[in-house]
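Take a look at the structure set out below.
Coordinate-derived values only; no laboratory data. Note that the coordinates shown come from a computational prediction; the quantities given were computed from them, not determined experimentally. Note: ideal-geometry Cβ built from the backbone for every residue, glycine included; neighbour counts use all protein chains shown.
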Amino acid sequence: MARTHKTWAVRTARDRTEAPARARLLDAAETVFARLGLGGTTVADITAEAGVSRAGFYVYFASKEEIFRVLAARVRDAFLAAQEVPDVDADDTRAVAEASVGAVIAAHARHQPLLALLEQQARTDPDVRRLWDEIRERPVHRHARYIRRLTDRGAAAPVVEPLAVAHAVGGMCVEAARRVAARPDLYDTVVQDVTTMYLHLLGAGPDSPRGQRHGVGPTSQS
């Protein structure tokens, strides 16, 4: 027993955060919460879905409420990560727009049931409310800062204030994600549509001098 206790005692926080069993529990919890709601879900439901023992659950989470909050943070991080497009040329405005729009739509479509539950739970749980506010606001404000940087270097001339553009594009992505969730075959079409509208809001559409200079117009494609 002493040896087992020592092994547990030296287990690091990173081990507990990155363990495959933890990831399975999180994926299972998202599935079960979407199906049963927070109130209708039990720890047993989550462990059965994940194929992890009840004792294994408590290695990583203290309660179903804790795993729900961790899921909320994971969704927030997924939307922030969707704005990162490291494999795209940062000077190609259209490529950056298309890649980020596609990633955001995919993230919304994937997490749509949980997002609805988070919004509902945020009305009564202050911790979830803080996470919900971050999910809604942090990506938008980050996007607005990106638009300001584009404007400062002459790559965009937004038709309205950058924060308004960011909110508008976010709303378009949410609506597009609903369509994609119902019809996955529409993904490419809606990404192209939202990207085109986004570029026009940026003042970087294919007919604008900025669009042609920064990779979205006929000049760059000839």
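Listed values, structure above:
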| item | result |
| --- | --- |
| Orientation-averaged projected area, Cα convex hull of region 121-204 (nm²) | 6.4 nm² |
| Protection proxy ranking, peptides 76-85, 172-181, average beta carbon neighbours within 10 Å, highest first | 172-181, 76-85 |
| Span from the region 38-92 Cα centroid across to the region 104-125 one, whole angstrom | 12 Å |
| Proxy reagent accessibility, fewest Cβ within 10 Å first, across His143, His111 | His143, His111 |
| Extension reserve of the Asp127-Arg148 stretch, reckoned as 0.36 nm per residue once the Cα distance is removed | 4.4 nm |
| Theoretical gain in end-to-end length, Ala90 to Ala19 [0.36 nm per residue, Cα-Cα removed] | 22.2 nm |
| Cα gyration tensor, region 25-105 - rounded (a/c under 1.5), prolate or oblate | prolate |
| Positive-end residue, region 69-214 charge dipole about Cα centroid, Cβ charges, pick of Ser100, His141, Pro184 | His141 |
| Unit charges on C-beta of K, R, D, E only; dipole of region 49-195, Debye | 420 debye |
| Radius 14 Å from Cβ of Val190, net charge of other residues (Lys, Arg +1; Asp, Glu -1) | -2 |
